[in-house]
Ligand code: ZN
Ligand code: ZN
Ligand code: FE
């Protein structure tokens, strides 16, 4: 990122000869001059690289002098087909570009495509490597004379900025209807009028078309939900500046720096009790948090500033589909969703969603890793013998392509049951494979026989294929994310993952390193009455846990049973007979059961809803817990059924919801302590890794970490890779690679 101009600057200052160029393995530099000056050059190269540069390794080699003299040159790219190249993620507008954007006298005043070597689109416009203008979707735009002068001027901050352009030579906006007819001569003013009128508009963002409506308008938000077929899942907001964010939500220092970071993610923030701006209830119904982002591109800056209000901004698709990103898709994909489309003539090569992050225990915890982060590689603790593909899980799928010690985890792809997501999955494998020149020879997949990612792996010809257990992959992803390969106690708490015994796991205590994993404990298995339906209907998990807690007792007078009286008996029968009721040790399903018993959520409309609402119900002052029941054995079991019975007793006794939800979270933290203490006694390990979707729960992570650290244990949590199934592909690569490594 801006590396060649930086090299050129220090070489010019030191008056050495030679050149710098991109090659497909990174950057190649030749310098010639007195040895003390060359040494000074190397010092400065290592000491102060540009803020966004990602220097992994500097290799130095002596070559015979050629008599090269200053001026130092930026040379053409060498396309040698060797090694790897790094493609930068997309970067939000930098401070200097924003100042220029606001300056009425500047050439790029309010120009929606302004960028420089430190900011702008990258991954989404790159067609192939090495990275220069010709290999991006900017190739179609001829630089004007003035831009070319900036591009060639070593002192300019746009020196060799590949997507560089200006109002004279850059992309142009247009406002069209979904039939492609132009609607207004001033596209931005036209769009603002339509948003004012409560219409649903689409905007060509960094990684695809996004849908926007006025967040204050109940009608507009309802219209958007209806057309997008999205019932209750929260919608994200675009807000013009930090001040307005603070008027809506509580923002601490860590959250503020996330909001303004070059990645410009959606940050999950707690709402203020008395916000300065009204937000339609339908934006995030029943949710105490809002997902907010500051403008991720100059085009977004322009819209947000002109509108000066919170705007709903969500991916341009129907629920569960990938984002529309090509203009030729507008009619088909957005035809019955958007009233108008603000588009432009620069194409998007790779569709990519916004990233989502939250702050947990004072540090960022990734929830969805996409724009701004992909395709930055994760470094493996050793070098791979052969290139590997990790096919990921099923929901929240990502793929991971790795060679040597670089693991390129793809951006979030989504739920593979949707045919269009499956197509995006295949395209992502091809694109990453080509971009980073990785032809996999070893392919790792989940053990679940019905995952389409598993089917993809088994259809590949001429490669070795290896299955990796889901929860081992979770823990391995957490180890790699923490740059370690030491043996740990792994707490893998999630929804469902296929276990080695063929049942659905999800409340697992493993002793694991990257190569091996042993299940030393787990939640007591219960049935899922009706199979998949039990995932959609948490009350079924309540019936199942309660039946298992006490076979004799009639639970029919509980409020959850009365609310579901028509089916309570038959569903309990499924639990009793085991017919159509597979076994699970899932922690996610235990959260579901508690949520239903509490009367929070009997049926969900999006994944994780019951657990999210349970977390939000916690009264933070509650310190009490419920007793932890351990069933001895190898592996030992934790009795979650008794816990659900205790919760039911609390509901019966009229305890407040916040108290019960708080006690339950404390119970899960106590479970973590019990499990880790047992595992430490058995295996002498005192490092704990937390992974799985349940560990997106901030209250839980904070309490688990505090309690474990209080017992003298070291706790690893996720840093750059999500704890949910978005991290599985990396974990698969790490586990498969541990047995196929060079050093
Ligand atoms: Zn900039
Ligand atoms: Zn220009
Ligand atoms: Fe999982």
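The values are calculated or read from the model by the stated rules, or taken from the named source; none is laboratory data. This one's a predicted model, so the numbers in the text were calculated from it and none came from an experiment. Neighbour counts run over all protein chains shown; Cβ positions are idealised from the backbone, glycine included.
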Inset, instruction - May I ask you to say which residue of 394, 411 is under 16 Å from residue 731 (Cβ atoms) and in contact with a helix residue (DSSP H, G or I) (Cβ under 8 Å, 6 or more places away or on another chain)? - result: 394
Legend entry - Options 235, 302; residue that is in contact with a helix residue (DSSP H, G or I) (Cβ under 9 Å, 6 or more places away or on another chain) and within 23 Å of residue 613 (Cα to Cα): 235
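If we scan segment 447-458, do we find a residue that is away from ligand 1 (no atom under 16 Å from the Cβ), part of a strand (DSSP E or B) and surrounded by fewer than 22 Cβ atoms within 10 Å (Cβ to Cβ)?
No, there is no match, as no residue in segment 447-458 is away from ligand 1 (no atom under 16 Å from the Cβ), part of a strand (DSSP E or B) and surrounded by fewer than 22 Cβ atoms within 10 Å (Cβ to Cβ).
Condition first: farther than 18 Å from residue 316 by Cβ and either in contact with a strand residue (DSSP E or B) (Cβ under 8 Å, 6 or more places away or on another chain) or touching a residue at least 40 places away in the same chain (Cβ under 8 Å) (or both). Now tell me which residues in segment 199-221 satisfy that.
216, 217, 218 - these are the residues of segment 199-221 that are farther than 18 Å from residue 316 by Cβ and either in contact with a strand residue (DSSP E or B) (Cβ under 8 Å, 6 or more places away or on another chain) or touching a residue at least 40 places away in the same chain (Cβ under 8 Å) (or both).
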Inset, instruction - Taking residue 369 as the residue in question, decide whether it is more than 16 Å from ligand 2 (Cβ to nearest atom) and surrounded by fewer than 20 Cβ atoms within 10 Å (Cβ to Cβ). - result: no
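Could you count how many residues in segment 646-669 are out of contact with any helix residue (DSSP H, G or I) (no Cβ under 8 Å at 6 or more places or on another chain), in contact (Cβ under 8 Å) with a residue 12 or more places away in the chain and assigned to a helix (DSSP H, G or I)?
Number satisfying all stated conditions: 5.
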Inset, instruction - For residue 581, indicate whether it is touching a strand residue (DSSP E or B) at 6+ places or on another chain (Cβ under 7 Å), part of a loop (DSSP other than H, G, I, E, B) and closer than 20 Å to residue 640 by Cα. - result: yes
Inset, instruction - Keeping to segment 9-18, report how many residues are buried (at least 20 other Cβ atoms within 10 Å of the Cβ) and outside any helix (DSSP H, G or I). - result: 2
Inset, instruction - Tell me the strands (runs of 3 or more DSSP E) entirely within segment 278-364 that contain at least 1 residues that are under 19 Å from the mean Cα position of the chain (by Cα). - result: 289-293, 311-315, 356-360
Inset, instruction - Keeping to segment 170-191, report how many residues are surrounded by fewer than 17 Cβ atoms within 10 Å (Cβ to Cβ) and within 16 Å of ligand 2 (Cβ to nearest atom). - result: 1
Inset, instruction - Test residue 413 against the criterion of being over 30 Å from residue 634 (Cβ atoms), buried (at least 24 other Cβ atoms within 10 Å of the Cβ) and touching a strand residue (DSSP E or B) at 6+ places or on another chain (Cβ under 7 Å), and give yes or no. - result: yes
Inset, instruction - Please go through segment 100-129 and pick out each residue that is within 16 Å of ligand 2 (Cβ to nearest atom), part of a helix (DSSP H, G or I) and touching a residue at least 24 places away in the same chain (Cβ under 8 Å). - result: 101
Legend entry - Number of positions in segment 715-743 that are within 21 Å of the chain's Cα centre (by Cα) and in a loop (DSSP other than H, G, I, E, B): 8
Inset, instruction - Kindly check whether there is at least one residue in segment 186-198 that is at positive phi and at pLDDT below 95. - result: no
Inset, instruction - Those residues that are in contact (Cβ under 8 Å) with a residue 24 or more places away in the chain, part of a strand (DSSP E or B) and out of contact with any helix residue (DSSP H, G or I) (no Cβ under 6 Å at 6 or more places or on another chain), I need them from segment 238-257; list them, please. - result: 249
Inset, instruction - Pull up segment 629-645, narrow it to residues that are in a helix (DSSP H, G or I) and out of contact with any strand residue (DSSP E or B) (no Cβ under 7 Å at 6 or more places or on another chain), then point me to the one that is nearest to residue 491 (Cα to Cα). - result: 643
